[in-house]
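**Student:** Pasting in a structure now, in structure tokens, and then I'll have a few things to ask.
The values are calculated or read from the model by the stated rules, or taken from the named source; none is laboratory data. Predicted model only: the values in this text are computed from it and were never measured. Note that we place each Cβ from the backbone using ideal geometry, even for glycine, and neighbour counts take in every protein chain shown. Keep in mind that these areas ignore ligands, DNA and RNA; they rest on the heavy atoms of the full protein, side chains included. Shrake-Rupley method; radii C 1.70, N 1.55, O 1.52, S 1.80 Å.
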Amino acid sequence: MINAKIPKFKSLVPLKETEINHLLWPPKFSSLPSVLQHYINSDTPIHGQKIHSYILKTGYKPNTNICIKLIILHLKSSCLFYARQMFDEMRQPTLSAYNYMISGYVKHGFVLESFDMVRKLCLSGETPDAYTLSMILKGSTSSYAELYSPCIGKQVHARIFKCIVEDDDVLYTALVDSYVKSGRVDYARRVFDLMLERDVVCSTSLITGYMNQGYIEDAEDVFSRTTEKDVVVFNAMIEGYSKQVENAKKAIEVYIDMQRLGFRPNISTFASIIGACSALAAFENGQQVQGQLMKTELIEHVKIGSALIDMYSKCGLVEDARRVFNYMPEKNVFSWTSMIDGYGKNGYPNEALELFSVMQIDHLIVPNYVTFLSALSACAHSGLIAKGREIFESMERDYSMKPRMEHYACMVDILGRSGSLNQALEFVINMTERPDSDVWAALLSSCRLHGDVELANLAANELFKLSSGSRPGAYVALSNALADAGRWDGVSELREIMKIRGISKGTGFSWVGSDSSLKAFLGQQI
């Protein structure tokens, strides 16, 4: 991980005379603190940098108070280089000076520099306070510190006890958030349970952590204990429920409850509830949500439009999805991808590929990895080998995007579905990277489709080497291929192997639409 380089300026920003408040210029040394504070509180703190130039020219030695105000001024002006220069010139930096620098580095994304500043603070003999530790935790949860986040939370937690820091809700909330984002929701809950007062921010963070790891009941427990709720904590529950079809109906229930309690849905609420309707294929509920949205300005937001396209596509209502797409005032790559994917998955491959072309040629939108996957999937459904290969090769040729394993698997599916099994095998053998289980599974599926038992056996064996126990469907596919070819001895032998390895096909079920949602009908376990 490499942090961005802190920009270094040759000189302080030159200002025009009209940009300076003449009542404050030239400043008297006795009034420097108040003049600096004036610029710190203003909307244009960068104008106060001229005071620093004035101090340097006069040779005046600023005291600690003025130094700290200059540091704040430079940080508010996003001039970290000058802030650090001022800090380094201080004879004995105070804890406040350290905290301002640490906060500035974290705010601007220079997390490693903030950690170095903390080390410098500890070596100086100063003791970090609650604010220092909360800023470290905030930095550890940023994208710049992904490699460090798992251990920093523990280190700060230990430091809290070592320094005997007084109970501080802000600090403990930051600690809970740090543990959640590093995947240690169990540690987060321990801290949460020790807190005397748990605010809604802390509860929301813990609920999100539980939902992300599938601990639905624990999330519900925290939600029920949260006495003062807000829209954000309701959103955490709705989003968490919407991720799994078996819980998506609860998302709608929470969505209704929050409005009964007087909370007004925001864009995140609407995006999540539309996702729940997608999971349930409950287009009637989706239409009601769209009706609510049409009374607000949010209906024109690109995020909402993309979510509605996805929802209608998953419900099989491609014309409704296209109607939403056409009326969107602004479209991004996600909007185009949702519509392309909707066409492909609902049996309209030609429309999907036409839209894929229009997106690039007429609108100059750069496809992302998912867009390419949707286009390749459309080629697989329509048996367009040449078009699929062209799209696959264009990823790296035209956009410098290295295909991922799912793109390779989709290309194998394109070749295999059309009956070109030898070409599919050759494609797999010539891959620049080692094929994963999805690639071999795609080949196995095609072999079963076209009755090539020998090649199916080869693909299955390679698949078993990579994931012998985690892909029961591969055993079933090979068993079905052998059965289709009348090789019942092979079927019996394979089933014996499955018993020895403790592999069983999960209970099959079908989703059938009802008046309000989907219902699952279970089959017999094999």
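**Student:** Using the basic label-point model (7 angstrom from Cα toward the beta carbon), what is the residue 245 to residue 212 distance in nanometres?
**Tutor:** Calculated label separation equals 2.6 nm.
**Student:** When the chain is fully extended, how far beyond the present Cα-Cα distance does residue 259 get from residue 357, taking 0.36 nm per residue of separation?
**Tutor:** So the extension gain works out to 31.0 nm.
**Student:** Follow-up. Rounded to the nearest 0.05, what FRET efficiency is calculated for residue 431 and residue 302 with R0 set to 35 Å and r the Cβ-Cβ distance?
**Tutor:** Result of the calculation: an efficiency of 0.45.
**Student:** Continuing with the same structure: Counting only protein heavy atoms, what percent of the accessible surface of the range 229-330 is carbon or sulfur at a 1.4 Å probe?
**Tutor:** 49 percent
**Student:** For 284, 239, give me the order by solvent-accessible area with a 1.4 Å probe, most accessible first, ignoring ligands, DNA and RNA.
**Tutor:** 239, 284
**Student:** Ordering 399, 348 from largest to smallest accessible area (1.4 angstrom probe), what's the sequence?
**Tutor:** The ranking, largest first, comes out as 348, 399.
**Student:** Here's something else I'd like to know. Evaluate the relative contact order of the range 229-330 (contact order divided by residue number), counting alpha-carbon pairs under 8 angstrom at least 6 apart; express in whole percent.
**Tutor:** 23 percent
**Student:** Here's a follow-up. Taking the highest mean first, how do the peptides 412-423, 258-269 order by number of other beta carbon atoms within 10 angstrom per residue?
**Tutor:** Listed from highest to lowest mean packing, they are 412-423, 258-269.
**Student:** Read phi for every residue in the range 456-462 and hand back ³J(HN,Hα) as whole Hz from Karplus 6.51 cos²θ - 1.76 cosθ + 1.60, θ = phi - 60°, with x for Gly and Pro.
**Tutor:** Result, ordered by residue: 4, 5, 5, 5, 5, 4, 5 Hz.
**Student:** Let me ask you something else. So how exposed is residue 197, as accessible area in Å² (1.4 Å probe, rounded to 10)?
**Tutor:** For residue 197, solvent-accessible area is about 130 Å².
**Student:** Continuing with the same structure: For a 21 Å ceiling on Cα separation, which of these pairs sit above it: 107/402; 249/331; 181/331; 76/138; 107/229; 229/295?
**Tutor:** Table pairs above 21 Å Cα-Cα are 107/402; 249/331; 181/331; 107/229; 229/295.
**Student:** If ligands, DNA and RNA are left out, what is the accessible area of residue 179 with a 1.4 Å probe, given in Å² to the nearest 10?
**Tutor:** For residue 179, solvent-accessible area is about 10 Å².
**Student:** What net charge is computed for the residues neighbouring residue 93, neighbours being all others with C-beta under 10 Å from the C-beta of residue 93, Lys and Arg scored +1, Asp and Glu -1?
**Tutor:** It works out to a net charge of -1.
**Student:** Here is a further query. Give me the Debye-computed log₁₀ of I(q)/I(0) at q = 0.11, 0.16, 0.17 Å⁻¹ for the range 229-330, equal point scatterers on Cα only, no solvent, two decimals.
**Tutor:** -0.29, -0.61, -0.69
**Student:** Place a +1 charge on the Cβ of each Lys and Arg in the range 229-330 and a -1 charge on the Cβ of each Asp and Glu, then give the dipole magnitude about the Cα centre in debye, rounded to the nearest 20.
**Tutor:** 140 debye
**Student:** Tell me, what HN-Hα J-couplings in whole Hz come from the Karplus equation 6.51 cos²θ - 1.76 cosθ + 1.60 at θ = phi - 60° for each residue of the range 113-123, using x for Gly and Pro?
**Tutor:** Values, residue by residue: 5, 5, 5, 4, 5, 5, 4, 4, 4, 5, 5 Hz.
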